[in-house]
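J.: I have a structure here, written as structure tokens, and I will follow up with some questions on it.
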């Protein structure tokens, strides 16, 4: 029997190479890794044909390795193109193995562990179980030999003991080299004496003569619950995979390490569970890297949003500062107005990936929700204090963005406007050539309109990317955020009121309206939903035209019966008896939401109410229309702002024109 067969049941990949780097053996793990047969691995082909290291810790000179090396972490590349990180160690083949072969060439054993991908642990530790069963089988063979050769009992025992000692030493070395805490416990919770030394560091205890509850430092209710879980697992009333999520998934390390726990069954030849393998993995660096990567992604999103939508961001900053200044003296504010403005500020902050500001607004909303009649003084003090913190956070964000993007163009309450250099040159040339007062007035009017008005698309088009991200975070897909007739001009201050509040309609459409892709597909819809905004100038009976804003989504629509159930729960039975088209208007009321719980997106009953409030303030109205299963439409009508380019001409009317070339696509 080949000595190399001892590696056949190893989960990690094991290779045997000669001085020239040719492969003479590869275990099952190596075959799976390289996707080649075991027979091919014994053909003596160069190791470099299968895999390359970067850096090569051995420089291809295996003959220089005279003793077992320390574990080294390297990157590797397979011939198939797959690559990643791995831990490797090399040691010379034992001398007695060399003597037993027909060829006496010196060889080296390479242990390879792929750490870039988590192997299917059940398969991995099933291999360890098979290995232990093989050892048990060897012990049985040894016992039979001892009985057969009882006359030479002492010598045979000594010989077999030496062999097992070498094998156990090798196995222990490999087990300890994995870098994971591995132990086995039985149905009574007793830890078996076989465990990796890493357990002592990761679990901060020695499994020897301890129960698994003691090793995991479980006490009180946690200890009782784990004991009940262990008992249920060994009774095998449920599938083992279904029971694993009910066990502790992490270990609280005193040094703050993030230790992940996983569990795998050990079964005998009759497939009966006789032990559980606990695997403790230090994922501190992995989690830190993930958090760092998340912060970097957020930073990129934040910088990209501001860079692409500087003017909208300036408006957001000015509006935020105005609100925060008001919140510093909240005793003079109407609480409903505060709720509307806070909710709008939170949605706008989220659209620019300013999560710290959005979170602070959410906290203030919680305080406002809890406010009772006699608590106004405490609330005012907390709001004022929190407003100072949010203002400081906003200034910090502006400072950081200015370092990356240059001056943002917001200085206290003064807003700057960016004008293309070509436009400035045209105005300058017109003024230089102009010799009449009429010509100068014409240029002045153009400058005033250019600097004091903005198109409706400028006010909302930056919301598209954040809505796509919001949908993705909920397992949904937003395919289009389309703005039609987006070239209509409005005064800049107008966008800071009604236009700013529209963010609630869009987030509401994503949260309440859009279905999950699989659900939409089952309904015959495209997997990705859409939100479309239509702007129109409508000539009315009076001298002043009206601005019409229509926001449509193709989601699930509004369920009147669900709203009726909420109304009944609130004691508004009479209102619940109204027709469907009247009942659904309730979602425009403050403090009404169909969400079951309050979170960072919905549940306050403020969002659509803020839009309705802004429309009423301008002398307009809001109406909700819906066809269950086909989507919802929010129709907003307000008097058209005076003095704009579009209010005095036919420009912008006609209904279904698109901004730019057919609207703004979110994805």
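We did not get these values from a lab; they are worked out from the coordinates using the rules stated. This structure is a prediction, so every number in the text was calculated from the model and none was measured. Quick reminder, even Gly has a Cβ in these numbers, built from the backbone with ideal geometry, and neighbours come from all protein chains shown.
J.: If I model a spin label at residue 200 and residue 74 as a point 7 Å from the Cα along the Cα→Cβ vector, what separation in nanometres do I get?
T.: 3.0 nm
J.: Could I ask something else about it? What ranking, highest mean first, results for peptides 128-134, 51-57 when packing means the other Cβ atoms within 10 Å averaged over each residue?
T.: Going from most to least packed, we get 128-134, 51-57.
J.: When the label point is put 7 Å from the Cα of residue 472 along its Cα-to-beta-carbon vector, which residues of segment 519-539 have a backbone N closer than 16 Å?
T.: 528-529
J.: Explain nothing, just the number: relative contact order of segment 453-639, from Cα pairs under 8 Å at least 6 residues apart, as a whole percent. Please list the in-between numbers first.
T.: Working: 338 pairs, mean separation 40.6, N = 187.
About 22 percent, as a whole number.
J.: Separation of segment 468-525 and segment 1-69 by C-alpha centroid, Å?
T.: That distance is 56 Å.
J.: Further, regarding this structure: Using mean Cβ contacts within 10 Å as the protection proxy, how do 214-224, 24-34 order, highest first?
T.: 24-34, 214-224
J.: In addition: Between residue 559 and residue 242, what length in nm is gained on full extension when 0.36 nm per residue of separation is reduced by their alpha carbon distance?
T.: Gain on stretching residue 559 to residue 242: 110.6 nm.
J.: Given axes a ≥ b ≥ c from the Cα gyration tensor, I'd like to know whether segment 453-639 is rounded (a/c under 1.5), prolate (a/b larger than b/c) or oblate.
T.: In terms of gyration-tensor shape, oblate.
J.: Let me ask something else about it. What full-extension length gain, to one decimal in nm, is calculated for residue 381 and residue 621 as 0.36 nm per residue of separation minus the Cα-Cα distance?
T.: Taking 0.36 nm per residue and subtracting the Cα distance, the gain is 82.9 nm.
J.: Between residue 322 and residue 284, how many nm apart are label points set 7 Å from Cα along the C-beta direction?
T.: 5.0 nm
J.: Quick one: which of 8-18, 458-468 comes out on top by average Cβ neighbours within 10 Å, and what's the full order, highest first?
T.: 458-468, 8-18
J.: How high is the FRET efficiency between residue 568 and residue 190 when r is their beta carbon distance and R₀ equals 56 Å, given to the nearest 0.05? Write down the numbers at each step before the final one.
T.: Numbers: r = 57 Å, r/R0 = 1.03.
With R0 = 56 Å, the Cβ-Cβ based efficiency is 0.45.
J.: While we're on this one: Once the Cα atoms of segment 3-117 are picked out, what are the Rg and Dmax in Å?
T.: For segment 3-117, the Cα radius of gyration and maximum Cα-Cα distance read 13.1, 38 Å.
J.: Quick check: residue separation of residue 421 and residue 273 times 0.36 nm, minus the Cα distance between them. What number comes out in nm?
T.: 45.6 nm
J.: Something else: Between residue 590 and residue 304, what is the FRET efficiency for a Förster distance of 41 Å, r being their Cβ-Cβ separation, to the nearest 0.05?
T.: Here the calculated transfer efficiency is 0.75.
J.: Right, here's the next one. If I model a spin label as a point 7 Å beyond the Cα along the Cα-Cβ vector, how far apart are those points for residue 219 and residue 402 in nm?
T.: Each label point is offset 7 Å from its Cα along the Cβ direction, giving 5.2 nm.
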